[in-house]
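Asks: My structure is below; once you've seen it, I'll send some questions.
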Amino acid sequence: MAVNTLRDPEIIKKLRAILDANLGNERFGVQELAKEAGLSRSSLHRKVHAYNGNSTTHFIREYRLQKAMELLQKEDLTVSEVAYQVGFSSPTYFNTCFKEYYGYPPGEAKVRAISKKHKNEISDKPYSQPPNNDRIKLLHRKLNYSKRWLAVLAIGIAVLVTWATSFYLSTSNNSQAVENDSFSTKNSIAVLPFKNWSGDSGLEYISDGMTNAVITRLSFVDNLRVIPFTSVQKYKFSDKDAPSIAKDLEVQYILQGSFELSGELVKFTLDLIDGYSNTLVSSEDYTGAWNEDVFSMQAAAVGDLISELHVDIKSNELIEIEHLPTENKEAYDTWLKANYQALKYTKKGMMNAIILYEEAIRLDSNFIEPYINQAELYGLAGASFGLYSESEAWNNAKKLLIRANEIDSNNLNAKVALNDGLYMYEWDFDTMEKCYQTTSALKVFYCLQTGRYEEALALIEKRLATNPTNSVAIALKTLAFSLMKRSEEAITLLNESDDLYSDDFIYLTLASRVYFYLKDYESSYALLNKFMHIYQERLPIVLWMLAACEYQKGNIEAAEKYVEEIKNKYKEEASGSPAWFLALYYASIGDHDTALIWLENSYERHEMEMIWLREELPLKPLRTDPRYLELYNKVGFPMPPNPGFPMPPLRD
């Protein structure tokens, strides 16, 4: 931004000259500026305040940002390079300040400067200003015109709580594969996590909730490919520009947004960018009262977005899109808070989320989403995180899901969650055989668990056609390859994907498992250690592979420490199927008798992982043992055991 100094007082010109000389010095602040100008701090403040009404701190920061704008528009520098040149030690903090001042991220500075189509919208002046009455009246006229979109974005985050739901809640029947032989980015969009510019980190739940609300509703449109929330989360604090992200995710459009809340006044700014040409397609502000206008603002935003994308809406899609979850704004707000806590994937976050879901239900007993989300969260908390025993978790979840189905017997998500719970926790193969192709989120897992490899692979390929960057789909594809003995293809895909998803909870657990099955123990061990470093949750599914990898390397003592840790979890009746994973460990090192003892213990505890009994590769050597066959029949598989060839132990 060019600075016009013609009418500036001499002292302001002097201060700017001093700042210019010290622009790259991040430690040059108020005290240093006062000293260089020969003024006391109080005198400096009075002169700056008299000039523009701001503090000296704001004056310094704004001057740095103005110089940053000049560099971004005229020089071929990255955002990080500019940040350091104008005295910001943190590119992330620079992004925050820049967006707060100009109203859009620094990565768009050059785009806005050269965009002729939108030259009247582009200004070097900050536009983050309180709305006037005319703007609000115009907004309400627009909302009335868009009445059919009411509550388009009323649904917030669908909690992705197991491997399967992380993969398939984002691949419902509403989101179809692109029907062509080669992947195309046409009619595709990634909605990046909205930035919280309210100055209150406690409001992150709103920005994340709104992001996922947009994604969820756009996903109902058949001919629009939408990247799921879990795949865009990593860009929340990224300084990558729109074209780079579009290339990463293989999409045509990028939607960037921000959120501000001051008292009861809320403002959303949405910028739609063409990733091919790096041009701004549209930039819109939506402003109103949080407790009164939130659904209407959401409706107007999505209506405008659909119009800009030139996407046709079918009648059946409209039925889904126009769903209003609750008229109770407090219940809705509480639900968003619960979803935000749940997606932290920590024990504390889960406990907080359960309390908040219960509060949302208390506020509106017919609000169906908190029932489903809380039930799914019980599943994760019981299956892996040890907050409840698996039986206690399922009993709690089952009651919630039965009630959800009573509230709305046609709700697909409620049906799916109940069917999948019956399968995972009660081993109800009869129900799953009937519904896995239509009303189950576990269709890929069920196909793999029952030996239907080709069917599973076809489902995975269909998902990758709509979202080629889905980390869970990629990991499941490598698992399918390993079960199908297509080892080279599995290794190639893993090597291509490891760096891209090195901090992804689900990818790390699945990919490390595949490496282990393929006897690439070093790669498996590396991913397991990344998991432990990032998440610090000591889950049996991770501990048993660490133990087996240590055993393979000859570190028997280290292996036994991990084994003892799993045994302690079993003694404590912790969730996460500890007996099952002890069985896998002993089978993998060739101690088949001990493995069978732990399999029996797993059966008696009714551990969820027993549904992998037919296909789990370390158990291949046991498949002809009468004790294994007896357990297999008691679990209730609908087909004969897998006759596959035994897998040799890790160490001869």
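Computed from the coordinates by the stated procedures, all read-outs in this text should not be read as laboratory data. These numbers were taken from a predicted model, which means no experiment stands behind them. Neighbour counts are summed over all protein chains in view; Cβ atoms, including those assigned to glycine, are modelled from backbone coordinates with ideal geometry.
Asks: Express in whole angstrom the spacing between the alpha-carbon centres of the stretch 435-453 and the stretch 512-550.
Replies: Each part reduced to its Cα centre gives a spacing of 25 Å.
Asks: Next question. Points 7 angstrom from Cα along the Cβ direction at residue 556 and residue 30: gap in nanometres?
Replies: 6.7
Asks: Pop out the ³J(HN,Hα) list for the stretch 191-200 in order, Karplus 6.51 cos²θ - 1.76 cosθ + 1.60 with θ = phi - 60°, rounded to Hz; leave Gly and Pro as x.
Replies: So the Karplus estimates, Gly and Pro as x, are 9, 6, x, 5, 7, 9, 9, 7, x, 10 Hz.
Asks: Under 5 Å between amide hydrogens, which residues at least 5 positions from residue 225 or on another chain qualify, with H placed 1.01 Å from N in the peptide plane?
Replies: Long-range HN contacts for residue 225: 188, 189.
Asks: Among the listed pairs 530/569; 234/561; 344/519; 247/329; 571/634; 234/348, give every one whose C-alpha distance is greater than 28 Å.
Replies: Values: 530/569 22 Å; 234/561 34 Å; 344/519 32 Å; 247/329 38 Å; 571/634 24 Å; 234/348 22 Å.
Beyond 28 Å between Cα atoms: 234/561; 344/519; 247/329.
Asks: Please list, by residue number, every one of the chymotrypsin sites (Phe, Trp or Tyr not before Pro) in the stretch 244-278 that is coil in DSSP and has at most 15 other beta-carbon atoms within 10 Å.
Replies: On the way: sites: 253, 259, 268, 276; in loops: 276.
Passing both the DSSP loop test and the Cβ count: 276.
Asks: Please list, ordered by chain and number, the residues whose modelled amide H lies under 5 Å from the amide H of residue 281; skip anything fewer than 5 residues away on the same chain.
Replies: 272, 273, 274
Asks: Taking θ as phi - 60°, what are the ³J(HN,Hα) couplings along the stretch 353-358 by the Karplus curve (6.51, -1.76, 1.60), each to the nearest whole Hz, with x for Gly and Pro?
Replies: 5, 4, 4, 5, 4, 4
Asks: Obtain the nm distance between the two label points defined at residue 624 and residue 402 by a simple spin-label model: each point lies 7 Å from its Cα along the Cα-to-C-beta direction.
Replies: Simple spin-label model gives 4.6 nm for this pair.
Asks: Based on the mean of other Cβ atoms within 10 Å per residue, sort peptides 17-30, 465-478 so the most packed one is first.
Replies: On the way: 17-30: 14.2, 465-478: 23.7.
Taking the mean over residues of other Cβ atoms within 10 Å, the ranking is 465-478, 17-30.
Asks: I would also like to ask the following. I'd like the Karplus ³J(HN,Hα) series for the stretch 554-566: coefficients 6.51, -1.76, 1.60, θ = phi - 60°, whole numbers in Hz, and an x wherever there's a Gly or Pro.
Replies: 3J(HN,Hα) across the stretch 554-566, in whole Hz: x, 8, 5, 5, 5, 4, 5, 5, 5, 4, 4, 5, 5.
Asks: Please give me, ordered by residue number, the trypsin sites (Lys or Arg not before Pro) of the stretch 328-432 that lie in loop per DSSP and have at most 12 other Cβ atoms within 10 Å. Could you put the intermediate results ahead of the total?
Replies: Values: sites: 329, 337, 344, 347, 348, 362, 398, 399, 403, 415; in loops: 344.
For trypsin sites (Lys or Arg not before Pro) across the stretch 328-432 that sit outside H, G, I, E and B with at most 12 neighbouring Cβ atoms in 10 Å, the list reads 344.
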